[in-house]
Amino acid sequence: MYPEDFRYTKEHEWVSVAGAVGTIGITDHAQHELGDIVYVDLPKVGATISQGGTVGSVESVKAVSDIYSPVSGEVVEINSALADTPEKLNENPHGDAWLVKVKLSAPDEIKSLMSAEDYRKYIGE
Amino acid sequence: MSQPTADLKVTPLNSVHRKSGAKMVDFGGWDMPVQYSGIIDEHNTVRNAVGLFDVSHMGEIEVRGPEALNLVDYVSTNNASKLKTGQAHYSGLLYEHGGFVDDILVHKVDDDHFFICVNASNQEKDFDHINLMSRHKATVEYASERYAQIAVQGPKALATLQKLTRTPLEQIRYYWFQDGEVADVVARIARTGYTGEDGFEIYIAPERAEAVWDKLLDAGQEFGIKPCGLGARNTLRLESKMALYGHEIGASISPLEADLGWIVKFEKPEFVGRAALEQQKSEGVKRTLVGFEMIGRGIGRDGYEVYIDGAPAGWVTSGGPSPTTGKNIGLCILPVEAAQVGRTIQIMIRNQPVDAVIVPTPFYKRAK
């Protein structure tokens with residue numbers, strides 16, 4: 001369920017790094033806890049984000065949840081398809097429902113995040 | 001199986017919810033299911049077929065005695081003397097200053113016996129309030145522990161419930177009730193609800209709740225019945241513009257300000273809150289409750305500020321996605337002069353004004 005090559009935050013985001021770019025999303029556990037996701041708010045391309053800072057929000061029928069960035073850097077791409085199909089976040093949160101891609105400004109930050117094994121333990125699976 | 005937090009109150013169906021994997025939340029001090037299969041799925045099931053809700057957290061107060069009617073009529077805004085035996089109505093329990101203690105359902109069981117269904121988190125307060133106001137020959141009984149309440153709601157509610165009772169349900173009109181049996185359990189069967197659909201709310205002994213719940217699920221299986229949580233209950237009632245205490249109504253909002261003038265009967269000689277409401281009426285009611293639909297991207301939610309022409313004008317009382325209409329809808333309190341259908345307003349969503357438009361309500365009305 002939780003890809004081994006991702007790194008995870010305590011706030012239930014993931015990041016997958018390829019070269020200088022990190023792809024960010026929310027975990028399956030997060031989408032399950034939120035329930036039906038009906039709205040996604042993402043930053044603009046070019047925005048600077050920092051580790052632990054807000055990078056956007058997702059809304060379920062019931063509530064709004066902030067998304068905290070696992071890494072620092074500059075937003076180079078956003079998943080604009082989610083504007084019309086936010087329900088994809090319930091269906092495939094580790095795949096085509098990624099949120100943003102970030103050009104990493106501090107690649108070492110990854111070391112502070114959890115491995116898949118640690119994350120599974122963290123959420124009690 | 002997880003256990004509820006120790007200090008939360010539980011309904012007689014708590015272990016059923018937990019066994020069946022419902023997502024549980026702390027709802028005003030009660031450990032309640034917010035969803036089973038998902039809020040949107042449950043919502044649509046109620047609109048199209050039938051859903052089952054545990055609403056045993058709701059409170060019950062019984063008023064009996066030769067002056068039971070006088071007391072009920074005195075503490076509530078609607079005209080209880082117009083009720084016939086077996087009839088129920090929606091009403092308000094007010095403070096002298098005109099704000100809500102609670103909104104209630106009054107059932108006339110007999111000339112000297114009224115059965116009142118009240119909100120879970122207000123039940124002790126309501127009981128104390130009625131007692132405090134009483135100068136009548138009537139007893140006020142806190143009866144919540146004696147009742148579990150299950151709501152069967154949706155176009156297939158009647159067909160589902162009819163399988164389990166000899167009471168001819170077709171003959172119970174909307175907002176009437178009959179005492180009978182459901183699955184061989186003594187039950188008060190009321191054709192009431194909080195979803196905007198046809199349906200029934202049944203009051204039974206708590207120790208029989210689990211058996212009745214299971215039998216209802218079996219009876220409704222052929223119609224696709226699903227257990228539903230408080231999440232769907234909220235989206236369903238919002239589409240139907242039914243008030244929720246603490247949102248559309250509360251101690252600082254009067255019925256006249258909440259577009260609930262129809263439950264205030266000034267032709268009655270006296271009732272608690274009357275003087276304040278009369279004053280409000282003669283001075284002109286200054287604010288009112290209206291519905292809106294989002295135009296811009298975003299969801300206006302409970303508590304968000306509403307702006308008109310760049311200035312703060314009111315607030316969202318309840319808001320969220322509407323599964324039936326596919327729109328993002330809400331209710332808000334605005335100055336009366338600003339509350340015209342068709343007017344564009346702005347909802348402040350995370351410090352950004354987002355356009356919405358005032359629309360007629362309810363957002364959804366079932367075909368009769």
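Read-outs: derived from the displayed coordinates by stated rules, not from any lab. These numbers come from a predicted model, not from an experiment. Quick reminder, even Gly has a Cβ in these numbers, built from the backbone with ideal geometry, and neighbours come from all protein chains shown.
For the range A:22-41, which positions are touching a residue at least 60 places away in the same chain (Cβ under 8 Å), in a helix (DSSP H, G or I), surrounded by fewer than 23 Cβ atoms within 10 Å (Cβ to Cβ) and touching a strand residue (DSSP E or B) at 6+ places or on another chain (Cβ under 8 Å)? The one that is touching a residue at least 60 places away in the same chain (Cβ under 8 Å), in a helix (DSSP H, G or I), surrounded by fewer than 23 Cβ atoms within 10 Å (Cβ to Cβ) and touching a strand residue (DSSP E or B) at 6+ places or on another chain (Cβ under 8 Å): A:Ala30. A single member of B:Tyr175, B:Tyr245 is within 28 Å of B:Gly326 (Cα to Cα), under 14 Å from the mean Cα position of the chain (by Cα) and not small (Gly, Ala, Ser), and it is B:Tyr245. So which residues in the range A:59-76 are within 14 Å of chain B (Cβ to nearest Cβ) and surrounded by fewer than 24 Cβ atoms within 10 Å (Cβ to Cβ)? Once the filter is applied, which keeps residues that are within 14 Å of chain B (Cβ to nearest Cβ) and surrounded by fewer than 24 Cβ atoms within 10 Å (Cβ to Cβ), the range A:59-76 yields A:Glu59, A:Lys62, A:Ala63, A:Val64, A:Ser65, A:Asp66. Within the range A:84-108, residues that are surrounded by 14 or more Cβ atoms within 10 Å (Cβ to Cβ) reach partners that are outside any strand (DSSP E or B) and among the β-branched types (Val, Ile, Thr) with beta carbons closer than 7 Å, at six or more positions or on different chains, in the pairs A:Pro93/A:Thr27; A:Val102/A:Val71; A:Leu104/A:Val71.
Selection of the range B:155-198 for residues being charged (D, E, K, R), under 17 Å from B:Asp214 (Cβ atoms) and part of a loop (DSSP other than H, G, I, E, B) yields B:Lys163, B:Asp184. Among the residues making up the range A:77-92, a single one is within 12 Å of chain B (Cβ to nearest Cβ), part of a loop (DSSP other than H, G, I, E, B) and more than 14 Å from B:Arg297 (Cα to Cα): A:Glu87. Of the residues in the range B:25-32, none is within 14 Å of another protein chain (Cβ to nearest Cβ) and more than 19 Å from the chain's Cα centre (by Cα). Of the residues B:Glu67, B:Glu62, B:Glu96, the single one that is surrounded by fewer than 24 Cβ atoms within 10 Å (Cβ to Cβ), under 22 Å from the mean Cα position of the chain (by Cα) and among the acidic types (Asp, Glu) is B:Glu62. Applying the condition of being closer than 22 Å to B:Gly38 by Cα and among the hydrophobic types (A, V, I, L, M, F, W, C) to the range A:27-47 and asking which residue is farthest from the other protein chains (Cβ to nearest Cβ) yields A:Ala30. Scanning the range B:220-229 turns up one or more residues that are buried (at least 22 other Cβ atoms within 10 Å of the Cβ), touching a strand residue (DSSP E or B) at 6+ places or on another chain (Cβ under 8 Å), within 14 Å of chain A (Cβ to nearest Cβ) and under 22 Å from B:His57 (Cβ atoms).
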